[in-house]
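Asker: A single structure is presented below for examination.
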Amino acid sequence: MATKTRLGADFRARFVTAAIGGPMVLLSIVVGGWVFNLAVVIVGIVAATEFQTMIRPNQRAALLMTILTILACIEGVALGIPILIPLAIILFLVLGLAETSQTDQPKSHFFIRNYFYSIIGSLYIGIPLGLLILIRDGNNGLLWTAMLFVNNWSTDAFALIGGRIAGRNKLAPSISPGKTIEGAFIGLTLGSLIGIVIALAGGIAPGLAILTNILIALSVEIGDLFESWVKRRLAVKDSGSILPGHGGFLDRIDGTLVAAVSLYLILRLFG
């Protein structure tokens with residue numbers, strides 16, 4: 001009972017959700033191809049809905065453009081057709097400027113709050129998801145993608161557990177009061193180690209395995225803090241409620257988005 005109390009009332013829901021969702025994600029990674037690509041697209045659509053709802057709920061035109069822009073980013077990156085991204089942004093800007101010109105609210109504030117944030121958020125979500133597809137389709141894609149996700153999950157899980165059991169000093173109280181320095185260190189250390197083991201077992205050179213996994217774990221924690229900051233700015237607790245114990249999809253993939261960019265850059269740098 002004491003352990004359950006220290007881990008929090010939501011820990012069981014978190015564990016059950018992870019136990020069900022984790023194998024499904026790993027299966028899509030193993031199968032790859034259109035199955036993984038479709039999973040990424042579905043995540044993109046759900047994330048778009050959650051993000052737009054945080055910014056401006058019940059606005060169908062803006063929601064449609066958010067989904068379209070995220071899909072344009074995913075396909076533009078994954079298919080090597082980058083022109084899709086600026087085209088979607090231009091359409092989004094046209095919609096935003098048209099509505100802004102007719103509002104009675106302060107126009108600059110209205111546009112920034114209701115459209116600029118949506119456009120930036122669409123790029124923040126869509127481009128990393130497109131990079132995930134490129135990583136999975138690339139050389140050793142199964143190994144790199146599985147390593148990224150397992151590192152991500154381990155970093156998140158051990159940061160949570162370590163923080164709730166051993167946490168004493170707040171990491172960023174003005175952004176995320178629940179996160180602690182001790183939890184972040186435990187998550188970073190164990191997430192990196194687990195990722196390194198997977199990389200070495202897959203034949204990755206030790207130096208690259210260590211560098212990559214430390215950067216992935218660090219990126220996961222930065223991504224988590226960044227989304228916490230965004231939610232503070234938008235005055236919401238969770239991005240959604242679709243995942244019991246975790247909140248929304250955005251709450252689950254916040255670290256993955258930053259980690260995907262970091263991993264892609266390393267793979268490009270080291271060929």
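Asker: Which three numbers, in whole Å and largest first, are the semi-axes of the equivalent ellipsoid of the range 22-100 derived from its Cα gyration tensor as √(5λ)? Mind dumping the intermediate values first?
Answerer: Values: eigenvalues 148, 56, 7 Å².
Three semi-axes, in Å: 27, 17, 6.
Asker: Here is a further query. Add -39500 (n - 2.57) for each DSSP H run of 4 or more in the chain, then divide by its residues: what number comes out at 222 nm, to the nearest 500 deg cm²/dmol? Each step should come with its number before you reach the end.
Answerer: On the way: 11 runs with 209 residues, N = 271.
Rounded to the nearest 500, it is -26500 deg cm²/dmol.
Asker: So what's the angle, to the nearest 10 degrees on a 0 to 90 scale, between helix 206-234 and the longest Cα principal axis of the chain?
Answerer: In the chain, helix 206-234 runs at an angle near 40 degrees to the longest axis.
Asker: How long are the three semi-axes of the equivalent ellipsoid for the chain, computed from the Cα gyration tensor as the root of 5 times each eigenvalue, in whole Å, largest first? Please list the in-between numbers first.
Answerer: Numbers: eigenvalues 194, 121, 50 Å².
Whole-Å semi-axes of the equivalent ellipsoid: 31, 25, 16.
Asker: Apply the Karplus parameterisation 6.51 cos²θ - 1.76 cosθ + 1.60, with θ equal to phi minus 60°, to every residue of the range 39-46 and state each ³J(HN,Hα) to the nearest whole Hz, in sequence, with x for glycine and proline.
Answerer: 4, 5, 4, 4, 4, x, 5, 5
Asker: Sorting TRP153, TRP229, TRP144, TRP34 on the 10 Å Cβ count, fewest up front, what's the list? Mind showing how you got there, number by number?
Answerer: Working: TRP153 21, TRP229 14, TRP144 24, TRP34 9.
The order, fewest Cβ neighbours first, is TRP34, TRP229, TRP153, TRP144.
Asker: If each residue's Cβ is checked for other Cβ atoms within 10 Å, how do SER108, SER192, SER28 rank with the fewest at the top? Don't skip to the end; give the middle numbers.
Answerer: Working: SER108 10, SER192 23, SER28 19.
In increasing order of surrounding Cβ atoms, one gets SER108, SER28, SER192.
Asker: With a 10 Å Cβ neighbour count serving as the proxy for reagent exposure, in which order, fewest first, do ASP156, ASP254 appear? Before the final figure, lay out the partial values.
Answerer: Working: ASP156 24, ASP254 28.
The most exposed by this proxy come first: ASP156, ASP254.
Asker: Sort the following peptides by mean Cβ neighbour count (other Cβ atoms within 10 Å, averaged over residues), highest first: 51-57, 70-76, 160-166.
Answerer: Working: 51-57: 19.6, 70-76: 24.0, 160-166: 18.0.
The densest-packed peptide leads the list: 70-76, 51-57, 160-166.
Asker: While we're here: Based on alpha-carbon centroids, what's the gap between the range 165-222 and the range 62-98 in Å, whole number please?
Answerer: Here the answer is 33 Å between Cα centres.
Asker: Using only the alpha carbons of the range 123-227, determine the length spanned along each of the three principal axes and report them from longest to shortest in whole angstroms.
Answerer: Here the Cα extents, ordered largest to smallest, are 42, 32, 18 Å.
Asker: Got the relative contact order for the range 140-271 handy, in percent, Cα pairs under 8 Å and 6 or more residues apart?
Answerer: Normalised by residue count, the contact order of the range 140-271 is 25 percent.
Asker: Could you give each residue of the range 22-35 its phi-based ³J(HN,Hα) in whole Hz, using Karplus coefficients 6.51, -1.76, 1.60 with θ = phi - 60°, and x for Gly or Pro?
Answerer: Result, rounded to whole Hz: x, x, 5, 5, 4, 4, 5, 5, 5, 5, x, x, 5, 5.
Asker: For the chain, find the longest principal axis of its Cα atoms and tell me its angle to the long axis of helix 117-137, 0 to 90°, nearest 10.
Answerer: 50
Asker: For LEU171, what residues show an amide H to amide H distance below 5 Å, using hydrogens built from the backbone and excluding near sequence neighbours?
Answerer: Residues meeting the criterion, in which the H sits 1.01 Å from N, are LYS179, THR180, ILE181.
Asker: A follow-up question, please. How high is the relative contact order of the chain? Use alpha-carbon pairs under 8 Å, at least six apart in sequence, and give a whole percent. Spell out each step's value before the answer.
Answerer: Values: 367 pairs, mean separation 54.5, N = 271.
Relative contact order here is 20 percent.
Where a number appears in this text, it was derived from the coordinates with a stated rule and is not lab data. Note that the structure is predicted; figures quoted are calculated from it, not measured. Here the Cβ is made from the backbone with ideal geometry for all residues, glycine too, and neighbour counts use every protein chain on show.
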